[in-house]
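Only one structure is covered here, and it is reproduced in the block below.
Nothing in this text is a laboratory measurement; each read-out follows from the coordinates by a stated rule. Values in this document were obtained by computation on a predicted structure and should not be read as measured data. Don't worry about glycine lacking a Cβ; one is built from the backbone with ideal geometry, like all the others, and counts go over all protein chains shown.
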Amino acid sequence: MAAAAGTRVARWPWWVQVGGLYVAARLVSACIFMAAALHQGVNPWFPAKPDYWSFVNIWDARWYGEALQNGYPDVLPTDGAGNVQENAWAFYALFPFLGRAVAGLTGMHPAFTLTLIAMLAGLGAALVIYRLFRLKASHRTALWATVFVATFPVSPVLQVPYAESLNLLLLAAALLLVVERRYLWAMPVVVLMCLSRPTGVPFAATVGLLFLYRLWQAYSAGREPARGEAPGMREEGQPGPVPHSGRQLWSLAGLTAVSGIGALLWPAIAWAATGDIQAYTKTETVWRGHDLVPFKPWFDTGILLFGPVLGVLAPFLFVALFTLLMMCRPVRALGMELRLWCACYMGYLLLFLHPQTSTFRMLLPLFPLALSAAFISRSRAYRGTVVIMFVLLQIVWIVWLWAWAALPGGGDYPP
């Protein structure tokens, strides 16, 4: 009976299969949220044992709600010593702007509007991710890899009023267009992506490096001796992409420029609105408690966790392991564009991120590695075990980080 049901499901359109599996994953996460809410005690936002909708509207969701209802401050709030305080400028505007638009059109409560947008964007992201993976793998492997993304330990954030799901949708769409070499179509998508979350800098680095590589590839192909075929064409059966045409190279160069401008767009908007050129960076570093110093937080955290000797070595070991990961066969199968994105995004995290408990959530943009995980084995036992492990780790993430429990010194670790 199970085999017959599986055969029937396999005949469904791909978007029904992907959508159904994604919704099932979100229902599982919702059950975990509701179970954790039953054990939620006293907290800064609502009474103990809240309902589901209250429980998912905490942490950064409150800041997005603030941006939706009250906008962004014209003057950065400061304390008596002149230090900038926490404010909405740390949270990009596209998500709350969409929430305000939908709330105005429908009359729905703003908090529910943001939750609805997040859930729909997460569903859209799953569909686009499948289409992206399908360019590199069979239907079954692409479907499993999409399920890996949908059940990833921090995937519950895709159904709460955070901008992660919207950013994931736009990022996946941008990468899909880049892989398909539709660079002009990618430009407006990238601009919107840059206004949803801070992924513009690594994306600009990705397409910039890709442009240099494709330029070199086209130049090398043009210098090869003629073998009875036009420059840029491949012999039948030879692996590797066809070198870019001049028009494609110009389009990719344009996308690089647009991505660079988009990466600076939100800090520029904050500057224009407040008159402070460092408005965004000052606000972003408030949560760190110190100014931004590239790379240093990784060494500080390493020393805190592993001591003065191993702690200094830990970041170097991490970089070495990630480099080996990028060189392994399943990751190489992703292709140049997706490998470049993963490398540039991790480089961005190493350069600017202050590692903490929120780091787990910031690993979502590395979603192409889910396809590499599916490439490791076609065994249903292996792939099913990965999904089960991810769901169990969702419980850990929600109970440990989403549910609020006061630390001895006050406050709690953010999710």
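About the Cα centre of region 80-221, what is the dipole size in debye to 20, counting +1 per Lys and Arg Cβ and -1 per Asp and Glu Cβ, all else neutral? List each step's numbers first, then the result.
Working: 9 positive and 3 negative charges, 106 e Å.
Value, rounded to 20: 520 debye.
Suppose every Lys and Arg Cβ carries +1 and every Asp and Glu Cβ carries -1, with no other charges. What dipole size does region 266-405 come out with about its Cα centre, to the nearest 20 debye? The partial results should precede the final answer.
On the way: 10 positive and 5 negative charges, 138 e Å.
Around 660 debye, computed over region 266-405.
Students often check this: by mean Cβ neighbours within 10 Å, which of 52-60, 310-318 ranks highest, and how do the rest follow? Please list the in-between numbers first.
Working: 52-60: 18.9, 310-318: 14.2.
In descending order of packing, they fall as 52-60, 310-318.
Quote the FRET efficiency, to the nearest 0.05, computed for ARG11 versus ALA333 with a Förster distance R0 of 30 Å and r equal to the Cβ-Cβ distance.
Working: r = 28 Å, r/R0 = 0.93.
Approximately 0.60, to the nearest 0.05.
Compare the peptides 377-387, 25-35 by average per-residue count of other Cβ atoms within 10 angstrom and give them in order, highest first. Write down the numbers at each step before the final one.
Numbers: 377-387: 13.5, 25-35: 17.2.
Descending packing order for the listed peptides: 25-35, 377-387.
Might you report the magnitude of the Cβ-based charge dipole of the chain about its Cα centre, with Lys and Arg at +1 and Asp and Glu at -1, to the nearest 20 debye? Don't skip to the answer; put the middle values down first.
Numbers: 28 positive and 18 negative charges, 342 e Å.
Charge dipole, the chain, about its Cα centre: 1640 debye, nearest 20.
May I ask you to compute the full-extension gain from ASP74 to TYR219, defined as 0.36 nm times their residue separation minus their alpha-carbon distance, rounded to one decimal in nm? Mind dumping the intermediate values first?
Values: separation 145, 0.36 × 145 = 52.20 nm, distance 5.02 nm.
Difference between extended and current length: 47.2 nm.
Summing -39500 (n - 2.57) over the DSSP H runs of n ≥ 4 in the chain and dividing by its residue number, what mean residue ellipticity at 222 nm do you reach, to the nearest 500 deg cm²/dmol?
-20500 deg cm²/dmol
If I model a spin label at VAL396 and PHE322 as a point 7 Å from the Cα along the Cα→Cβ vector, what separation in nanometres do I get?
It works out to 2.0 nm between the two label points.
With θ set to phi - 60°, apply the Karplus curve 6.51 cos²θ - 1.76 cosθ + 1.60 along region 243-259 and write out the HN-Hα couplings as whole Hz, x wherever there is a Gly or Pro.
x, 5, 6, x, 5, 5, 5, 5, 5, 5, 4, x, 5, 4, 5, 4, 5
Which of the following values of percent of Cα pairs over 37 Å apart was calculated from the structure shown: (1) 31; (2) 42; (3) 27?
The listed entry that was calculated here is (3).
Could you point to the residue in GLY307, LEU168, TRP59 farthest towards the positive end of the chain's charge dipole, with +1 and -1 charges on the Cβ of Lys/Arg and Asp/Glu respectively?
LEU168
Which whole-angstrom value gives the distance between the alpha carbon centres of region 9-50 and region 297-331?
What the calculation gives is 33 Å, centre to centre.
Which order do peptides 191-198, 154-161, 344-351 fall in by mean Cβ count within 10 Å, highest first? It would help to have the intermediate numbers written out before the result.
Numbers: 191-198: 22.1, 154-161: 26.0, 344-351: 18.5.
The densest-packed peptide leads the list: 154-161, 191-198, 344-351.
Set Lys and Arg Cβ to +1 and Asp and Glu Cβ to -1, take the dipole of the chain about its Cα centre, and tell me which of VAL331, TYR280, GLY41 lies farthest positive.
VAL331
Give me the one-decimal nm value for the distance between modelled label points at TRP45 and ARG288, 7 Å along each residue's Cα-to-Cβ direction.
My value for the distance between the label points is 2.6 nm.
With the Cα gyration tensor of region 278-415 in hand, give its eigenvalues times 5 under a square root as the equivalent ellipsoid semi-axes, listed largest first in whole angstrom. Please list the in-between numbers first.
Details: eigenvalues 167, 91, 47 Å².
With the √(5λ) rule applied to region 278-415, the semi-axes are 29, 21, 15 Å.
Pulled fully out, how much extra length does the chain show between LEU120 and TRP53, if you take 0.36 nm times their separation in residues and subtract their Cα-Cα distance? Walk me through the numbers on the way to the answer.
Values: separation 67, 0.36 × 67 = 24.12 nm, distance 1.59 nm.
Value of the extension gain: 22.5 nm.
Report the FRET efficiency, 1/(1 + (r/R0)^6), for ARG62 and LYS296, where r is their Cβ-Cβ distance and R0 is 30 Å, rounded to 0.05. Don't jump to the answer; show the numbers that get you there.
On the way: r = 30 Å, r/R0 = 0.99.
With a Förster radius of 30 Å, E is 0.50.
How many nm separate the modelled label positions at ASP276 and SER245, each set 7 Å beyond the Cα in the direction of the Cβ?
The modelled label-to-label distance comes out at 5.1 nm.
Any idea which of LEU369, PRO110, THR256 is furthest toward the positive side of the dipole for the chain, if Lys and Arg beta-carbons carry +1 and Asp and Glu beta-carbons -1?
LEU369
Which whole-Hz ³J(HN,Hα) couplings does region 30-41 yield from phi under the Karplus relation 6.51 cos²θ - 1.76 cosθ + 1.60, θ = phi - 60°, glycine and proline marked x?
Calculated HN-Hα couplings, in order: 4, 5, 5, 4, 5, 5, 5, 5, 5, 9, 6, x Hz.
Provide the gained length on full extension for the span ALA35 to LEU304, in nm with one decimal, where the gain is 0.36 nm per separating residue minus the Cα-Cα distance.
On the way: separation 269, 0.36 × 269 = 96.84 nm, distance 3.33 nm.
Between ALA35 and LEU304, full extension yields 93.5 nm more.
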